[in-house]
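Step one of this worksheet: look at the structure below.
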Amino acid sequence: MYCTNCNCEYQGWHGKCPTCRQPMQDGKPLEQDRINGHLEYSSLVELIKQEGGALEMELSAREVIRNKSTRFPWLGFGYAWTQKMSGEIAGIHVELTTTDVGKDRSWAFPYRGHGYAWQQAMEGWISGNTCNLEASKVTRKRSYSFPYSGYGFAWTEEMNGDCGEQIRLLLTASQVVRKQRWVFPYFGFGYAWVDEGVLSIKLI
């Protein structure tokens with residue numbers, strides 16, 4: 001399902017957008033291909049130099065994935081993560097896709113299940129130049145509701161990476177969405193994902 005208001009695709013959701021609560025539609029609408037402004041690596045480095053050797057770019061979630069599982073008798077585990085992020089500043093365009101997802105689960109007496117998922121690795125392009133990031137800080141929280149429903153939440157707070165030999169990257173979560181759902185009789189599912197982030201691009 002696709003939200004035209006958030007410009008984001010949500011897999012596993014139906015009806016209203018989990019972020020803005022606006023009605024979603026089936027599939028992403030057709031649109032003209034965006035010109036990503038491909039740059040040679042040397043030109044990209046020079047452009048960053050002109051910005052003082054470092055710049056910060058706001059990235060937004062473009063695709064979120066959610067799934068869930070259960071265990072006998074009433075344990076529910078929810079998992080969600082940001083699959084794609086993108087942004088643009090100063091003629092530099094960034095597209096990132098999650099390539100490795102970390103998952104974990106736990107439970108607490110009597111029937112409270114907690115599922116956790118986060119972005120462990122991302123790959124993508126900075127104006128056509130490949131880049132890679134790895135999780136360096138992951139946050140995990142949990143909550144519950146009466147009588148037995150448990151909710152787990154996890155997200156990647158920071159990721160470090162590089163683009164070639166001269167560019168270092170730091171992606172920091174700036175806005176995290178947390179949602180909790182339950183299914184009769186006591187299954188609880190917690191979901192969390194990074195909705196907005198700040199990508200720091202720096203020359204070394």
Check your understanding: Considering lysine pairs in the chain that are 8 or more places apart or on different chains, how many have Cα atoms under 30 Å apart?
Key -> 29
Practice item. Apply the Kirkwood formula to the stretch 38-203: the hydrodynamic radius equals the inverse of the mean of 1/r over all pairs of different alpha-carbon atoms; give it in Å with one decimal. Key: 16.7
Exercise for review: On a 0 to 90° scale, report how tilted helix 41-50 is relative to the longest principal axis of the chain, with both axes built from alpha carbons and the result rounded to the nearest 10.
Suggested key: 90
Practice item. Inverting the mean 1/r over all pairs of different Cα atoms, compute the Kirkwood radius of the stretch 28-135 and quote it in Å. Key: 16.5
Exercise for review: Under 15 Å from the Cβ of residue 47, count the other residues' Cβ atoms, weight Lys and Arg +1, Asp and Glu -1, and hand me the total.
Suggested key: -3
Review point. If amide H atoms are built 1.01 Å from N in the plane of the peptide, which residues on other chains or at least 5 residues away come under 5 Å of the amide H of residue 4?
Key: 25
Exercise for review: Amide H neighbours of residue 176 under 5 Å, at least 5 residues apart or on other chains, H built in the peptide plane: list them.
Suggested key: 195
Study note, to complete from the structure: Sequence order, the stretch 174-179: Karplus ³J(HN,Hα) from phi using 6.51 cos²θ - 1.76 cosθ + 1.60, θ = phi - 60°, Hz rounded, Gly and Pro as x, gives 10, 8, 10, 9, 10, 10
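Dividing the convex hull volume of the Cα atoms of the stretch 138-204 by its residue count, what figure in Å³ per residue is obtained? Mind dumping the intermediate values first?
On the way: hull volume 5.0 nm³, N = 67.
Once divided by residue count, the hull of the stretch 138-204 is 75 Å³.
Among 168, 66, which comes first, second and so on when ranked by fewest other beta-carbon atoms within 10 Å?
Values: 168 16, 66 19.
If I rank by nearby Cβ atoms, fewest first, I get 168, 66.
A short reminder: the numbers here are calculations on the coordinates, not readings from a lab. All of these numbers come straight from a predicted model, not from anything done at the bench. Heads up, the Cβs are rebuilt from the backbone with ideal geometry, glycines too, and the neighbour counts pull from every protein chain shown.
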